[in-house]
Amino acid sequence: QIELRLTLAQVYFELQLYKKMEQTARETLRLARAHYGEENLAAADALNLIGRALFYARDMDEAETFTRQAIAMQRKLRGGDSLQEASALEHLGDILRNQHDLLGGDQSKLAEAETACRACLAIRRKRLGNNSDEVAWALKTLNIVLEDEGKPAEAEAVIREALAIHRNNHGEDHPSVGMDYCDL
């Protein structure tokens, strides 16, 4: 039931049903803790899903709290450099970048967002190589942070690398090549 609920929460994410995603992930967290104790892999995954749902519900502070808990638990239970940790780090970068925007330009949030995005990218490169779509997505997230930080040369370099990966993996006519790279 726990695994099914984790999958269902992910499906709700794909359908952009973030409130249902949050509710399902919270119930999954409750069940995982009731059956396996406070810290377990299902709980870590549910924490990350709750954080992601809260991000899309625009509750950045609570999203940050759940995501940081997910990262800590992922590291503790899976060891460093898991793909699940990388996903949570990328998500943390998005949260911190949005907090920067909402808080009127707190530069420390952007610096921490860049650190989280670079950590995500490093894990994905280590685990998946340099040419996976997941690496390209991490580069795209890093690009947005670098743009917000006022680092246009670095931002351009990483988005060009992401575009090259997508072109290599999918060809010129794939939507992932065209939609986010119109300016290049």
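The values are calculated or read from the model by the stated rules, or taken from the named source; none is laboratory data. From a predicted model like this one, the values you see are computed outputs, not experimental measurements. All Cβ positions, glycine included, derive from the backbone under ideal geometry; neighbour counts span all protein chains shown. These area figures cover heavy atoms from the full protein model, side chains too; ligands, DNA and RNA do not enter into them. Shrake-Rupley method; radii C 1.70, N 1.55, O 1.52, S 1.80 Å.
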With Cα atoms, 0 to 90° folded angle of helix 60-78 axis to the chain main axis
80 degrees
How would you rank 135-146, 4-15, 110-121, highest first, on the average number of other Cβ atoms within 10 Å across their residues?
135-146, 110-121, 4-15
Using a 1.4 Å probe on the protein heavy atoms, what percent of the accessible area of the chain belongs to carbon and sulfur?
50 percent
Can you tell me the accessible area per residue over region 1-75, all protein chains present, probe 1.4 angstrom, in square angstrom?
52 Å²
Angle between the chain longest axis and helix 2-14 axis [Cα atoms, degrees, rounded to 10]
40 degrees
To the nearest 10 Å², what's H170's accessible area with a 1.4 Å probe?
70 Å²
What ranking, highest mean first, results for peptides 158-167, 43-52 when packing means the other Cβ atoms within 10 Å averaged over each residue?
43-52, 158-167
How about K126: which aspartates and glutamates have a C-alpha closer than 17 Å to its C-alpha, ignoring those fewer than 8 places off in the same chain?
D81, E85, E90, E134, E161
Using alpha carbons only, how many degrees (0 to 90, rounded to 10) separate the axis of helix 18-36 from the longest principal axis of the chain?
50 degrees
Express in whole angstrom the spacing between the alpha-carbon centres of region 127-163 and region 28-52.
30 Å
If you compute semi-axes √(5λ) of the Cα gyration tensor in Å for the structure shown, which of (i) 40, 16, 15; (ii) 28, 19, 16; (iii) 60, 18, 17 do you land on?
(ii)
Whenever you get a sec, line up D101, D106 from highest to lowest accessible area (probe 1.4 Å, protein heavy atoms).
D101, D106
In whole Hz, with x marking every Gly and Pro, tabulate ³J(HN,Hα) for region 145-159 from phi via Karplus 6.51 cos²θ - 1.76 cosθ + 1.60, θ = phi - 60°.
5, 4, 4, 5, 7, x, 10, x, 5, 5, 4, 5, 4, 6, 6
Karplus ³J(HN,Hα) for region 164-171 (6.51 cos²θ - 1.76 cosθ + 1.60, θ = phi - 60°; Hz, whole; x = Gly/Pro) runs 4, 5, 5, 4, 4, 7, 10, x
